[in-house]
Amino acid sequence: MPFSKTLRYTLGAAVLFFTIAPPAVAGPDDPSSFEPVAYGSQKVLYDWNYPTPESGLRALGFVRNHIKALEEFGDREASDIVIVAHGNDLHAFSRLNRQAFPDAYDALKQLVDKGVKIRVCRNAARSRGYAPEDFYDFVTVVPAAVIDIAKWQNEGYSYMYPELFPRMTREDVIAEHPELEFAE
């Protein structure tokens, strides 16, 4: 079946355009882009195993940021976040240590009020001198972290093991690399 004259000209122009026009390629000076992805709901398990109570409390920022992102780009109401603590971080989760960690209760309670479940390993607690009733009222003590973590993963929860590192700013990088210019 013969092509119509218009169709032949259209196809010829398209072939000519794609043959002559080079593909658009970004270079090292071109800016990145932001993609406001709609994430939907999430089921997330945070494995808390920090060397100090203070680092465990600092790591709560990961969960706060997760919740903030869900509020802006996902479905926080249909999401579920669980923390399973079994490191030295659990000292801050004990009501017996409120004087040593005076902001811990409020920081944890804010997350619980947003739907976060906080669970503490009984084995880890016992080896550190705590009974199950020694923790804040919103903490659930479970038999063992390893079996509780496996339970949540078997239910389809994404596993998160957030690592803490010192934060570097752009100014820190420039200080280490003076050849960089500070763009304002």
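The values are calculated or read from the model by the stated rules, or taken from the named source; none is laboratory data. All of these numbers come straight from a predicted model, not from anything done at the bench. Cβ atoms come from the backbone with ideal geometry, glycine included; neighbour counts cover every protein chain shown.
Quick notes
One line per residue, one yes/no per condition, for (1) in contact with a Phe, Trp or Tyr (Cβ under 6 Å, 6 or more places away or on another chain); (2) under 21 Å from Pro51 (Cβ atoms); (3) among the charged types (D, E, K, R); (4) buried (at least 17 other Cβ atoms within 10 Å of the Cβ):
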| residue | (1), (2), (3), (4) |
| --- | --- |
| His91 | no, yes, no, yes |
| Asp103 | no, yes, yes, no |
| Arg119 | no, yes, yes, yes |
| Ala124 | no, yes, no, yes |
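- Among the residues of segment 126-139, the ones that are exposed (fewer than 14 other Cβ atoms within 10 Å of the Cβ) and closer than 29 Å to Asp75 by Cβ come to 1 in all.
- Selection count, segment 122-133, where residues are touching a Pro at 6+ places or on another chain (Cβ under 8 Å) and either over 16 Å from Asn97 (Cα atoms) or among the charged types (D, E, K, R) (or both): 2
- For segment 10-53, the set of residues classified as exposed (fewer than 10 other Cβ atoms within 10 Å of the Cβ) and either touching a helix residue (DSSP H, G or I) at 6+ places or on another chain (Cβ under 9 Å) or modelled with pLDDT of 95 or more (or both) consists of Pro36, Val37, Ala38, listed by residue number.
- Leu70 at pLDDT 90 or above, under 22 Å from Asn123 (Cα atoms) and part of a helix (DSSP H, G or I): no
- Residue selected from segment 105-117 under the condition farther than 17 Å from Pro53 by Cβ and out of contact with any Ser or Thr (no Cβ under 9 Å at 6 or more places or on another chain), by the criterion surrounded by the most Cβ atoms within 10 Å (Cβ to Cβ): Val116
- Flag if Ser79 is buried (at least 19 other Cβ atoms within 10 Å of the Cβ), among the polar types (S, T, N, Q) and touching a Ser or Thr at 6+ places or on another chain (Cβ under 6 Å): yes
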